[in-house]
Structure formats: structure tokens, C-alpha cells
Ligand code: HEM
């Protein structure tokens, strides 16, 4: 990975390959977690993997393919159909942090991404532990 001055965060962490590897690893974790997996509507996790990858690439300064294909992110609205309880948030984060571990990024970049995931996942909690909407 040879970062150049003026590179976006996306480029600095390795661009498309990095996000592809991150999201792939994350969904391997989701696939093996029946409680979290039950939230995902489609039998094939491949399309969900592509949506999350495009979103993260865009968020971190890469191509804006996500918005071209899906429109404005409006993440909280897009999660209203899924009961994001504190437990589901914890599961989601566990798989994402394990996927981050597998990347072995430079410390500042690693910390910035973990911080984003922690804040965004907290913001998406929309149900209490029993699944009742908040
Ligand atoms: C950093 C936190 C998160 C981010 C950035 C994120 C991002 C996304 C994105 C971009 C989509 C696709 C939306 C679309 O275009 O239709 C999505 C879908 C989804 N998310 Fe999240 N999410 C986060 C946290 C969570 C959490 C904590 C849960 C539940 C525990 C969750 C469950 C789901 C489910 C079930 C879907 C539907 C899968 C699909 O078909 O795309 N997400 N999320």
C-alpha cells in the first residue's frame, strides 16, 4: 500500500480491495450467527454484501456508486424494518471488529474506522432488548 499526498481515506486504506475483504469477512461472521442472520431478509447474503461494501466505499471517500444505485443513504430509515436491539448491535459489531482485525490497517486509520462503526451502530439501535420499537 503506497499512499500518496492528497489520497482520500479510501485510497489510503487500500481502496476497493480493502473494502471487499472487510465486508466479505464481516458477512462470513453474520452467516455463522443464527440470531443476527435471522434479521437478513434474503437467502443469499451476496447482494447485501455488495450494498454494505458500496456504502462504506462511498462513506470513506471512494466512488459514489452506492448513491447512484440506491439513492440517499438514510441509514436509520433503511433499518426500520429490522429490530436493531442492543444485542443485535453487539453481534453486528463483534463481526465487524473481527473483520477489522483481519485487515491490519495502520493504527490511525484502524481507529477512525472502528470509531465510525461504533457510533453508527449505536445510532441504528431502534428496539429494546425484547424487540419493542423505541
Ligand atoms: C455501522 C453500522 C451500520 C452500517 C454502516 C450499516 C449499513 C447498511 C447498509 C448500507 C445497508 C443497505 C441499505 C440499502 O441500500 O438498502 C444495510 C442493510 C441492513 N443492515 Fe445495516 N448497517 C449498520 C448496522 C447494522 C446493525 C447494527 C444491524 C443489525 C443488527 C444491521 C442490519 C441490517 C440489515 C438486516 C440490513 C438488510 C440487508 C440488506 O438486504 O441490505 N445493520 N445496512
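Scan segment 103-122 and report the pairs whose first residue is more than 14 Å from residue 60 (Cβ to Cβ) and within 16 Å of the ligand (Cβ to nearest atom) and whose second residue is part of a helix (DSSP H, G or I) and modelled with pLDDT of 95 or more, with Cβ atoms within less than 6 Å and a gap of 6+ or a chain change.
Close Cβ pairs satisfying both conditions: 121/89; 121/92; 121/93.
Residues of segment 26-37 being surrounded by fewer than 18 Cβ atoms within 10 Å (Cβ to Cβ) and either away from the ligand (no atom under 11 Å from the Cβ) or part of a helix (DSSP H, G or I) (or both), which ones?
Initially, segment 26-37 is screened for residues surrounded by fewer than 18 Cβ atoms within 10 Å (Cβ to Cβ), giving 28, 31-35, 37.
Once the filter is applied, which keeps residues that are surrounded by fewer than 18 Cβ atoms within 10 Å (Cβ to Cβ) and either away from the ligand (no atom under 11 Å from the Cβ) or part of a helix (DSSP H, G or I) (or both), segment 26-37 yields 28, 31, 32, 34, 35, 37.
If I ask for residues that are more than 11 Å from the ligand (Cβ to nearest atom) and out of contact with any strand residue (DSSP E or B) (no Cβ under 9 Å at 6 or more places or on another chain), which ones from segment 123-134 would you list?
The initial filter retains those residues of segment 123-134 that are more than 11 Å from the ligand (Cβ to nearest atom), namely 128-134.
Within segment 123-134, 128, 129, 130, 131, 132 meet the criteria.
This table checks each residue for (1) within 20 Å of residue 18 (Cβ to Cβ); (2) near the ligand (Cβ under 9 Å from one of its atoms); (3) exposed (fewer than 12 other Cβ atoms within 10 Å of the Cβ).
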| position | (1), (2), (3) |
| --- | --- |
| 39 | no, yes, no |
| 42 | no, yes, yes |
| 50 | yes, yes, no |
| 57 | yes, no, no |
| 65 | yes, no, no |
| 70 | no, yes, no |
| 81 | no, yes, yes |
| 98 | yes, no, no |
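The values are calculated or read from the model by the stated rules, or taken from the named source; none is laboratory data. Source: prediction; values computed, not measured. Ideal geometry is used to build each Cβ from the backbone, glycine not excepted, and the neighbour counts take in all protein chains shown.
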